[in-house]
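Quick notes on the structure that follows.
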Amino acid sequence: MKGLPLKRRRDIARQRGQFLTVLGTIVLGVMMFAATYDAYRNLEASYNGTYDRLAFADMTITGGSPSLADALTTVDGVALVEARRQADVPLQVGDDVFLGRVVALTGDVNQLDVVAGERPAGTAEGLAETHLAEHFELKPGHAVAVLGTLDVTVTGEAISPEYLWPARSSQEFFEAPGEFGVLFVTEDVLDAVDQAQVLSQLLVRYEPDVDTAAVDAAVRSTALEQGASGVVAQADQPSNEALNLDVTGFEQMAVFFPAMFLLVSGLAAYTLLTRLVHSQRSVIGTLRANGFSRRTVLRHYLSYGLWLGALGAVLGIALGIPAGWAMTAAYTAELGIPDTIRELRWITPVGGLAFGIAAGVLSAWVPARTAVRLAPADALRGDSPATPARRSLLERVLPPSSRLPVQWRMVVRGIGRNPRRSSSVVVAIALAMTLVYTTWAMVDTVTILLDRHFDVVNHHDGDVVTSAPVDDAAVAAVAGVPGVRVAEPVVVLDASLEGPEDTYSTALFAYESATEVHGFVTESGEGPGSGVVVGEAVLEETGVEVGGTLRVSLPGLGVAFDATVEDTVREPMGSPVYVSRETLEDVLASDGAPGWQDAIAQPGTSVIALLLEDGTDRGAVLDAVEDLPVVASATDAQAAWSMIEQYMGLFYLIVGLMLAFGGVLAVALIYNVVSVNLAERTGELATMRANGISHRRIGRYVLAENMILTAIGVVPGALIAHTAATWLMSTYSTDMLSFDLETRPATMALTIAAMFLVTAVSLWPGMRAVRRLDIATEVRERSQ
Amino acid sequence: MGKHVAAGAAVDAPSGHAIRAENLTKTYGTGDTAVHALEDVTFGIPRGEFVVMLGPSGSGKTTMLNVVGALDAPTGGDLHVMGTSLSDLGEDARTHYRLSSIGFVFQFFNLVPTLTALENVELLAELTGGNAETRARDALHQVGLGDRVDHFPGQLSGGEQQRVSIARALVKDVPLLLCDEPTGALDIDTGINILRVLRDTTERGHTVLLVTHNSEIARMADRVLRLLDGRLVADEPNVAPAAPEDLTW
């Protein structure tokens, strides 16, 4: 049957602006799904590809009895157990000194991908982790000094699955380049460093295709029974956890944003096709009167939605898959991931087709059913059902409003003229607000939390690593440098926290009771007293409550003690445990650990935090501090902020795209609805023009009607947007990052203002149509 | 084109003429495909007359109404309506002319469905100053709808809706009414009522130009203009116009 397909083509051509708009939203929705879903799966595959290739440890265990390794090999699902040592020590490259890490070379687990040079073959040799090598331009033959111990000759550069993201720990995962680096060294290097700094670890690798959760539980249980102080699963490993934030982000986007786009496109298609059926009542009546079955009519009008959905899906997939691949490549290149896996998965085109076609067909269902239900005799008369007309809700609720000038009563009543269509505009505004506000809120949250981290919590100006134990003389020497206002020693130790339900590995920070170099964002505003203050995630991870007791283990010192949780801190980054220096010293003294004073004063275990005088030249003062004989390095504590800003570029790009998409979404639907509204009223509008009402005045009526709908839409929009933003940010929260929603007061106001702007923009084509009305023709058409 | 006169300027038109056309021409398209909708049409309609323009489909009568109503511009000749030259009017001037000088009544009423009869009339009254509601009520009273002012179009019959559209045209207090097949969508009895209403407006000094293909309606006119293929073939005063009640079709 050629006639109906031809009719469909001509109908679409006559209203191509509106059909193209609907098509565009379907394309965008499917494209976003394909791109983000593929990016999420590709990134996950890329990371896992690297991890599998390099046999990344499924579990990393710190401490434990000498028989632990043997015990672990008997656990079902464990394939390999390899011992290794590592130590955090001051490293020096040229004139730069920083607190780095030396890690013993391993053979089977946590293998290294040597990208330049070769593995060490002699003694006092090592491979530079790639971020370290790139920052300092290390080549084979260069030397890196383990300060005060020995020089390590670099034999090459390597990528490690443990340091794809160069995080020192879960609590310190944003380190400025040159502030942290890793050397993979021969065993003799670990023999030479201060043994108090050395951690003994076991790296566990599982059999393929095991139940990871079950094996994790069994390994954890065995390790804790045998005295392990730290048990970190692969998923919780700092680098992996940081990288998975991106994966999580894409996973969320693969569902949330496409769903919104397809919902809006469905609404737009529904509006358009409902109008089409209405305007073709007499045609439908003629078709039915001449023998076309209901089924044929139903299939015909469903076919509009099917074509829109299918074409939109095909175009969306064609654009989305390459976009997803490009995003994957951009991410892996930016982050230095060695394996970039990009696969064509059947689920992507199938899912995209399903979403697109579903959006199209479902939106056409009601209009098609309406067409089928038309009684041919009624439809042939060509009489439109009378528009239900009554006074507006406003006039009924506020009778004085009936005294408004008639032109404004017409505007207000126009809103109720077609409740479904008006609801479409309200829904469009609410959805667009959600999209715009959630993305804007993400920017606000990240900016506010980073400001809080660097301006309130870690507000000190400099970090000093000494070349000798941190004692009163060292602190005094640093404090005596002109431009230094405050110098305080800070102890940083690896810690394992055991609560009622589980154990959590973190870092312990010991500040002086009256510290000026750190801010505690607690309920009371105070730091720890005689107990500990912990990050909020510690409560969730261990099951402890405020007022409860944690068993704090310090594997580096071989000490464990019970501490009362006095309060929690809401810090954007990390979930550390804080104890006052005085309390720590009391505990260590009462524990009787030999040489604890020297142990905690060791460079690296103790650092000196600085506050500088206002208005001083930061660089000059830090240089002066670094010139002190007792100082190994003095670095700007705010330098990490610059590094973070660098990585934010990609984030802002994505946010910008989301904002633009939100605007496009709203414009598309409002344009469609307004076009349909105007098409229904061309007779009235042309008669008004014929009787002397200018197109500008009519344009004001149209603008006012839609601005009122926008104002109605922003109310649920604000509620939905805020709820969605809160939920979205919470999905990014882990123990490493606390992304509670924080927005500036102006953000919601600006979002609302943006919606009014979007409405005005989307009305422009409709206003132009009013200006270009062929009055002479339209006044002679029967009103529809 | 005749000499250019500033839009809206008073012209020494022959006294008593509501509409004066001289060699009026309207052509659509160019070359071989040009359509001469009006060719050298010359006529004058005195004020206060009820004039019917007759002609078959395609004769140019709708075009004539469009040109007189400034919905379209003539291609050549002169056209003055109530002293206003309609040559070279810009968009704003045409809108102002339609607001202040003429009222349209169409076959399809095109009332705003969400406004009552009173409000539909008041909508235009508000634009022309004065007490809009009072003037709207008076206009509806004139057309015999004084007791239906608060009804919505969906609650009115076809004839009542057409009377509302006539009231809408009258409320502007314009001297000239242009009617395009005003009874075309109505049954004969309702149509006769409408014609009576229109006829009555001339008693109050309005001029009516009614375009139709129904020659029976021409019997009630003071003057009949006949168009054929774009040309004026007859301009006939009617010495004894029939009453609307005497018409039948």
Cα-based Lys proximity count in the protein assembly as shown, under 26 Å, for pairs eight or more positions apart or on separate chains: 4
Cα-based shape type of the stretch A:146-254, given that a ≥ b ≥ c are square roots of the gyration tensor eigenvalues and the cut on a/c is 1.5: oblate
Helical contribution to [θ] at 222 nm, DSSP H n ≥ 4, -39,500 (n - 2.57), averaged over chain A, rounded to 500: -18000 deg cm²/dmol
Size of electric dipole in the stretch A:682-784: Cβ of Lys, Arg +1 and of Asp, Glu -1, about Cα centre, debye, nearest 20: 780
Square roots of five times the Cα gyration tensor eigenvalues for the stretch A:40-190, Å: 26, 19, 15
Segment A:Ala333-A:Ser524, extension gain: residue separation times 0.36 nm, minus the distance between their alpha carbons: 64.3 nm
For the stretch A:67-114: Kirkwood Rh in Å [reciprocal of mean 1/r, alpha carbons]: 13.5
Rg/Rh for the stretch A:96-176, where both radii come from Cα atoms and Rh is the Kirkwood radius: 0.94
Anisotropy class of the stretch A:425-569 from Cα gyration tensor, a/c 1.5 cut: oblate
Debye-sum result for the stretch A:585-733 in log10 I(q)/I(0), which assumes one identical scatterer on each alpha carbon, at q = 0.11, 0.18, 0.20 Å⁻¹: -0.80, -1.16, -1.26
Sites A:Asp502 and A:Arg295, calculated FRET efficiency, Cβ-Cβ separation with R0 60 Å, nearest 0.05: 0.45
From phi via Karplus (6.51, -1.76, 1.60), per-residue ³J(HN,Hα) for the stretch A:141-148 in Hz, x at Gly/Pro: x, 5, 10, 10, 8, 7, 3, x
R0 of 45 Å, Cβ-Cβ distance A:Ser67-A:Ala326: FRET efficiency to nearest 0.05: 0.30
Trypsin sites (Lys or Arg not before Pro) within the stretch B:150-249, DSSP loop, no more than 16 other Cβ atoms inside 10 Å: B:Arg204
Cα pair distances of the stretch A:253-341 binned at 10 Å [whole percent]: 13, 30, 23, 16, 10, 6, 2
Hydrodynamic radius of the stretch B:140-195 per Kirkwood, over alpha carbon pairs, in Å: 11.7
The stretch B:104-249: translational diffusion in µm²/s, Stokes-Einstein, Kirkwood Rh over Cα pairs, 37 °C, 0.692 mPa s: 209
Hull-based mean projected area of the stretch A:660-726, where the convex hull spans the alpha carbons, in square nanometres: 5.4
Kirkwood Rh and Cα Rg combined as Rg/Rh, chain A: 1.10
Listed residue (A:Pro603, A:Gly766, A:Gly683) projecting farthest to the positive dipole end of chain A, Cβ model: A:Gly683
Per-selection metrics, chain B (Cα): Rg and Dmax in Å: 17.8, 56
Cα Rg, Dmax, the stretch A:361-517, angstrom units: 34.8, 103
Whole-Hz couplings from phi, Karplus 6.51/-1.76/1.60, listed for the stretch B:52-60; x for Gly and Pro: 10, 9, 9, x, x, 4, x, 7, x
Calculated from backbone phi, Karplus (6.51, -1.76, 1.60) coupling profile of the stretch A:325-336 in Hz, x at Gly/Pro: 5, 5, 5, 4, 4, 5, 5, 5, 5, 4, 8, x
Counting DSSP beta bridges with both ends in chain A, the antiparallel % (nearest 5): 80
Which of A:Trp764, A:Trp307 has the fewest Cβ neighbours within 10 Å, and the rest in rising order: A:Trp764, A:Trp307
Placed amide H near A:Ala83: partners under 5 Å, 5+ positions off or other chain: A:Leu203
Label-point separation, A:Leu393 to A:Arg551 (7 Å along Cα→Cβ), nm: 6.1
Cα gyration tensor shape of the stretch A:1-83, rounded if a/c is under 1.5, else prolate or oblate by comparing a/b with b/c: prolate
Cα-centre dipole for the stretch A:1-134 with unit charges at Cβ (Lys and Arg positive, Asp and Glu negative), debye to 20: 2000
Proximal charge balance of A:Ala330 [Cβ under 12 Å; K/R count +1, D/E count -1]: -1
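Each reported figure results from applying straightforward, stated rules to the coordinates on display, with no laboratory input. Everything numeric in this text was worked out from a predicted model, so none of it was measured. We place every Cβ from the backbone using ideal geometry, glycine too, and count neighbours over all the protein chains shown.
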